[in-house]
1. Buried (at least 21 other Cβ atoms within 10 Å of the Cβ), touching a residue at least 40 places away in the same chain (Cβ under 8 Å), more than 22 Å from Glu184 (Cβ to Cβ) and not aliphatic (A, V, I, L, M): does that describe Phe145?
2. Show me the strands (runs of 3 or more DSSP E) entirely contained within segment 25-125 in which 1 or more residues are among the aromatic types (Phe, Trp, Tyr) and open to solvent by 30 Å² or more (accessible area, probe 1.4 Å).
3. Output the qualifying pairs, or none if there are none: Cβ atoms under 6 angstrom, residues six or more apart or on different chains, first residue in segment 161-174 and within 16 Å of Ala17 (Cβ to Cβ), second residue surrounded by 10 or more Cβ atoms within 10 Å (Cβ to Cβ) and of a type in the set (A, V, I, L, M).
4. From the list Tyr154, Tyr181, which residue is outside any loop (DSSP other than H, G, I, E, B), in contact with a helix residue (DSSP H, G or I) (Cβ under 8 Å, 6 or more places away or on another chain) and within 19 Å of Arg26 (Cβ to Cβ)?
5. Restricting attention to segment 1-24, and to residues there that are of a type outside the set (D, E, K, R) and in contact with a Pro (Cβ under 9 Å, 6 or more places away or on another chain), which single residue is farthest from Ile177 (Cα to Cα)?
6. Just give me the residues in segment 139-180 being under 10 Å from Pro127 (Cα atoms) and small (Gly, Ala, Ser), in sequence order.
Amino acid sequence: MVRLKRSRYEEIKKVVADTIEDADIRIYPYDVFEVARSLEIKLISYQSLSQKKREACFSESEDAFSILIDFRNHAEWHIYYNEDIGHCRVRFTIMHEIGHIMLDHEDGNEVEESEANFFSKHILAPPCIMHEVGVEDYVDVVNEFDVSQEMATYQIEYYDNWVQYGGKYYTEYELRILNLYQKERSASA
């Protein structure tokens, strides 16, 4: 994994907050399929395709890939994904591909892969929401955010550093994320 500059991580966090607002994410865990629909991104599982098309997808990626389909009168993002990789990995992978789209990636190089991984972890389990729900360890992250143990392990380490270095002083984009979450909690109380 490529380490990014701090300023780039901050840019990605802002894009995450914009995406959360655009998709109107108010609860955690959330339905990644609904998020894609709200962002007007079409999801197609490899398994729903003919054998020939499925083989073509697997030759592109074992997990997923995104492509902009240009029709005569409009363009449409499609994410093709392997539904047999497990529930949590499908969730991560779809958000990873949405990250590529929202971050305007074009090359699929190591830097873009690291950025999309960070986007996915950050949108599935934002540290400010982790703080609100009071996570203490990776098991809490798995249970509260419906993510894999592997992702939860990375995210709890990130969260611990976030708390240590000023996480309780929310940034503007963290406040935007919290605002949506707290409005939903107030409405359902």
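1. Working: buried (at least 21 other Cβ atoms within 10 Å of the Cβ): yes; touching a residue at least 40 places away in the same chain (Cβ under 8 Å): yes; more than 22 Å from Glu184 (Cβ to Cβ): no; not aliphatic (A, V, I, L, M): yes.
Against the criterion (buried (at least 21 other Cβ atoms within 10 Å of the Cβ), touching a residue at least 40 places away in the same chain (Cβ under 8 Å), more than 22 Å from Glu184 (Cβ to Cβ) and not aliphatic (A, V, I, L, M)), Phe145 does not qualify.
2. On the way: elements: 41-45, 64-70, 75-81.
Those strands (runs of 3 or more DSSP E) span 64-70, 75-81.
3. Tyr173/Ala17
4. Numbers: Tyr154 fails: within 19 Å of Arg26 (Cβ to Cβ).
Only one candidate qualifies: Tyr181.
5. Here is the first cut: in segment 1-24, the residues of a type outside the set (D, E, K, R) are 1-2, 4, 7, 9, 12, 15-17, 19-20, 23.
Among the residues that remain, those that are also in contact with a Pro (Cβ under 9 Å, 6 or more places away or on another chain) are: 16-17, 20.
Numbers: Val16: 9, Ala17: 6, Ile20: 7 Å.
The extreme case among them is Val16.
6. Gly167
The values are calculated or read from the model by the stated rules, or taken from the named source; none is laboratory data. What you are looking at is a predicted structure, and each value in this text was computed from that prediction instead of being measured. Glycine also receives a Cβ, built like all others from the backbone with ideal geometry; neighbour counts cover every protein chain displayed. Quick note on the areas: whole protein, heavy atoms, side chains included, nothing else; ligands and nucleic acids left out. Shrake-Rupley method; radii C 1.70, N 1.55, O 1.52, S 1.80 Å.
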